Amino acid sequence: MAHFYLSATGARDSVTTKTGTKDSGLDAHVRGYKVGARVIMSVDREGRDRVAVYITKGSNGDGREALLCDMDAEAAKGYIGEPVPTDARLFGKLFPKYVETAKPKAKGV
């Protein structure tokens, strides 16, 4: 029986749907040529729904991705209904792992 549901709208408003079970989870990667987002839904060992969101390099990328967030359903409740962060400093506070991996490397290192 389906536990997770995915729906996506594309060209000509066509809608694609997919389902995942508690055992299979659901893994979706939406990408442009240079940037993408990957969302993984799963059930952890305690039986809680989890969501992990990654930023990727898109279709032209090298497979690397940076974790934006990984939280269970209870933790996610605190973000639902909150305004979307538009300030880079606020984004860094919400997603410090992404900000850390996105920092440019110093030359010669």
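A count restricted to region 1-47 and to residues that are under 23 Å from N60 (Cβ atoms), assigned to a loop (DSSP other than H, G, I, E, B) and of a type in the set (K, R) stands at 1. Just one of the listed residues (G20, G36) is more than 21 Å from A76 (Cα to Cα) and crowded, with 16+ Cβ neighbours inside 10 Å, namely G36. Residues in region 54-63 that are in contact (Cβ under 8 Å) with a residue 12 or more places away in the chain, surrounded by fewer than 16 Cβ atoms within 10 Å (Cβ to Cβ) and either assigned to a strand (DSSP E or B) or more than 17 Å from the chain's Cα centre (by Cα) (or both): 1 in all.
Values in this text are rule-based calculations from the coordinates and carry no lab data. Note that the coordinates shown come from a computational prediction; the quantities given were computed from them, not determined experimentally. Heads up, the Cβs are rebuilt from the backbone with ideal geometry, glycines too, and the neighbour counts pull from every protein chain shown.
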